[in-house]
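Asks: Could you have a look at this structure, given as structure tokens, before my questions?
The values are calculated or read from the model by the stated rules, or taken from the named source; none is laboratory data. Model, not experiment: these values are computed from the prediction. Because the Cβ atoms are built from the backbone with ideal geometry, glycine has one as well, and the counts that use them run over all protein chains shown. For accessibility, only protein heavy atoms count, side chains too; no ligands or nucleic acids. Shrake-Rupley method; radii C 1.70, N 1.55, O 1.52, S 1.80 Å.
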Amino acid sequence: MNFKRADRVADLIKAEISDILLKEVNDPQVREVTVTDVKVTDDLRQAKVFFVRIGENICNEETTKGLQRATGFLRRELGKRLRLRYVPEIKFIFDESFEYGDHINRLLAEIKHDVQ
């Protein structure tokens, strides 16, 4: 099995950002964020970090602003933890797949209820 280096780095970044958000960030808006996926460009210069807030299906503006404020701190911490020549630029994107999955689950529950 052949894995691209960008995929391996993305997995490392996901684990480290999750750990940093859980243990080191004091902002309550950011503390309840779960990192769902990370996509890194092949040149390892940019990383898209997909997130959801625990228990919410919509993107809260305060959460997005809190993550943007924490970006510099997160990059600095990633630089300390990962041995990379360049720490990628981080862009946070709300993961809408959870909202879509919740919608599908509700539709399936309605169908099941109607059948019974």
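Asks: So, in the range 76-94, how many residues would count as being out of contact with any strand residue (DSSP E or B) (no Cβ under 8 Å at 6 or more places or on another chain), crowded, with 18+ Cβ neighbours inside 10 Å and assigned to a loop (DSSP other than H, G, I, E, B)?
Replies: So the answer is 1.
Asks: If residue 70 satisfies every condition in (1) surrounded by 11 or more Cβ atoms within 10 Å (Cβ to Cβ); (2) over 17 Å from residue 21 (Cα atoms); (3) small (Gly, Ala, Ser); (4) at pLDDT 80 or above but one, which is the exception?
Replies: Tallying (1) surrounded by 11 or more Cβ atoms within 10 Å (Cβ to Cβ); (2) over 17 Å from residue 21 (Cα atoms); (3) small (Gly, Ala, Ser); (4) at pLDDT 80 or above, residue 70 fails exactly one: (2).
Asks: Would you confirm, using the coordinates I've provided, whether residue 112 is open to solvent by 60 Å² or more (accessible area, probe 1.4 Å) and in a helix (DSSP H, G or I)?
Replies: On the way: open to solvent by 60 Å² or more (accessible area, probe 1.4 Å): yes; in a helix (DSSP H, G or I): yes.
It is true that residue 112 is open to solvent by 60 Å² or more (accessible area, probe 1.4 Å) and in a helix (DSSP H, G or I).
Asks: In addition: May I ask you to list pairs of residues, at least six apart or on different chains, whose Cβ atoms are under 9 Å apart, with the first in the range 23-44 being within 19 Å of residue 62 (Cα to Cα) and open to solvent by 60 Å² or more (accessible area, probe 1.4 Å) and the second being among the acidic types (Asp, Glu) and not in a helix (DSSP H, G or I)?
Replies: Pairs that qualify, where the first residue is within 19 Å of residue 62 (Cα to Cα) and open to solvent by 60 Å² or more (accessible area, probe 1.4 Å) and the partner is among the acidic types (Asp, Glu) and not in a helix (DSSP H, G or I), are 32/56.
Asks: Could you tell me which of the residues 15, 6, 10 is open to solvent by less than 90 Å² (accessible area, probe 1.4 Å) and either more than 23 Å from residue 98 (Cβ to Cβ) or not in a helix (DSSP H, G or I) (or both)?
Replies: Within the list 15, 6, 10, the selection yields 6.
Every residue, every condition in (1) closer than 13 Å to residue 94 by Cα; (2) under 14 Å from the mean Cα position of the chain (by Cα), yes or no:
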position	(1), (2)
16	no, yes
21	no, yes
25	no, no
34	yes, yes
42	no, no
51	yes, yes
54	yes, yes
